[in-house]
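Input: a single structure, listed below in structure tokens.
The values are calculated or read from the model by the stated rules, or taken from the named source; none is laboratory data. These numbers were taken from a predicted model, which means no experiment stands behind them. Because the Cβ atoms are built from the backbone with ideal geometry, glycine has one as well, and the counts that use them run over all protein chains shown. For accessibility, only protein heavy atoms count, side chains too; no ligands or nucleic acids. Shrake-Rupley method; radii C 1.70, N 1.55, O 1.52, S 1.80 Å.
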Amino acid sequence: MLNKYFSEISTPIKYEGKDSKNPLAFRYYDKSKVVAGKTMAEHLRFAVSYWHTFKGDGTDIFGGTSFERQWNQHNNSMDNAKATLEAAFEFFQKLGIDYYCFHDRDIAPAGESFVQSCKNLEEIVEQAKVMQNDTGVKLLWGTANLFSNPIYSQGGGTNPNAHIMAQALAQVKNAIDATKELGGENYVFWGGREGYETLLNTDLKKEQDHMARFFEIVIDYKKRIDFEGQFLIEPKPAEPMKHQYDSDASTTLSFLRAYGLLDHFKLNIEANHATLAGHTFEHELAVASVAGKLGSVDANRGDYLLGWDTDQFPNDLHSITLAMIIILKQNGLGTGGLNFDAKVRRSSYDTIDLFHAHIGGMDAFAKGLLIANQIIEDKVLDDFVDDRYSSFNEGIGADIINGKVNLEQIEDWVKENDKPQLKSGRQEMLENIINSYIF
Ligand code: XLS
Ligand code: CA
Ligand code: CA
């Protein structure tokens, strides 16, 4: 096992059971424990986000670097990128996590030219491939950073400048190549700056048409190179742009449907983005899931008092339990997983904080999985929901749904059957039952 950057951890983090008082042990995440026919690792498919965990330096808009990382010499050199990669794989092994996710510009630095940037990426991918083989750690997804470089300040695929749209496409091509080379199981599109600041300078129709064209071009490429990973779109309503086109799950699905692209994508739902969209995490997951489009999850949490993307580690067991119910009911995430798109706070200076953060997130989801599975096995919600709609199983309900009655016939029926019987939705009782499983 690699042992250079995280010497405070000498052996991989272990499962010690719920009574353990060791803050550097799992209390619920028991990788090989079987729950409903699959191991916890197979259910949860946890991933580390390269950008926050290894490239994050504590910077916020009020101040610069607050974390000193041994692997980060704060320069854009390839040596620095290679040291970061080594640190990353040491961390994965010591944490006992199976997957990671990256942006092209996280793992390899941008060069002086586009050509140089591509070369840098290829070189790092070679090294990453060796390290994946040596450790067994896999790539959950790759993506392209189409938002940091100032050329993308007015968008990538929706940029009003054709040269920049072309460059965004070329960058995506290289990021897909890198993802394929590393056996990435998915490829994510997060349209960070695909949106607009003001309608005064924006042709809304054209920009959405361009976004669709952008996707058509990459779908064509995916087919031609035989990349089998799943394409995912990650909705987010705002930040950095004031309005983003993929603002939530429903809007993204409508966009894909309108342009005939639905078959080529699933969604990557992020908890914090749901909060920013004014939805709950479970709402976004459910909207994606009922459409058969819940592909993967960015497992983090936001802050209900702050209006920005705080990307905190997930620890809200109630929300996680509701999320796991949806995931279990659709029989898992397929090639997707739970990516901790989360960062430690600016004042969590030490590398050990990275372990505490991930251990907490993994344990919270493991516990959520156990609770959700019990709720499903006991059919607590299913029976109630089935019964709530049971009036559609026969009589006028079945006739309406099966197209057996027209509007006049329905009116006649209502005239003969005045005053519907009211049935309580029992919300409070159900909330108490969910709590009784959590407590
Ligand atoms: C930013 C997004 C981003 C995507 C990948 O808010 O969450 O990190 O997950 O580009
Ligand atoms: Ca994300
Ligand atoms: Ca986020």
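Structure values in brief
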item	result
Formal net charge of residues neighbouring I376 (Cβ-Cβ distance under 14 Å; K, R +1; D, E -1)	-2
Anisotropy class of segment 2-47 from Cα gyration tensor, a/c 1.5 cut	oblate
In Å², nearest 10: area of R301 left accessible to a 1.4 Å probe	70
Projected-area average for segment 309-349 over all orientations - Cα convex hull basis, square nanometres	3.9
Integer Hz, Karplus 6.51/-1.76/1.60 couplings in order for segment 31-40, x for Gly and Pro	2, 9, 5, 8, 10, 6, x, 9, 6, 4
Largest-first principal axis extents of the Cα set of segment 353-439 (Å)	68, 24, 22
D_trans [Stokes-Einstein, Kirkwood Rh over alpha-carbon pairs] for the chain, 20 °C, 1.002 mPa s, µm² s⁻¹	91
Long-range HN-HN contacts of H243 with modeled amide H, under 5 Å	Y196
Tensor-based shape of segment 222-337 (alpha-carbon gyration tensor, a/c under 1.5 rounded, otherwise prolate or oblate)	oblate
Probe 1.4 Å, protein heavy atoms only - accessible area per residue of segment 1-133 in square angstrom	47
Percent carbon-and-sulfur accessible area, the chain, ignoring ligands, DNA and RNA, probe 1.4 Å	51
Heavy atoms of S32 accessible to a 1.4 Å probe, total area in Å² rounded to 10	90
Rounded to the nearest 10 Å², the accessible area of D203 at probe 1.4 Å	80
Descending semi-axes in whole angstrom, ellipsoid equivalent of segment 1-115, from the Cα gyration tensor	31, 17, 14
Sparsely packed GluC sites (Glu not before Pro) within segment 67-164, loop by DSSP, other Cβ within 10 Å at most 11	E112
Two-decimal log10 I(q)/I(0) for segment 189-274, as the Debye equation yields it once each C-alpha is a single scatterer, q = 0.20, 0.22 Å⁻¹	-0.95, -1.11
Spatial extent of segment 57-161: Rg and Dmax, with the Cα atoms as the point set, Å	15.2, 46
Inter-centroid distance (Cα atoms) of segment 81-128 relative to segment 135-196, Å	15
Rounded to whole Hz, the Karplus (6.51, -1.76, 1.60) HN-Hα couplings of segment 250-262, x for glycine and proline	5, 5, 5, 5, 5, 4, 4, 5, 4, 9, x, 10, 4
Percentage relative contact order, segment 65-126, counting C-alpha pairs under 8 Å, at least six apart	28
Rel. contact order, % - alpha carbon contacts under 8 angstrom, at least six apart, the chain	15
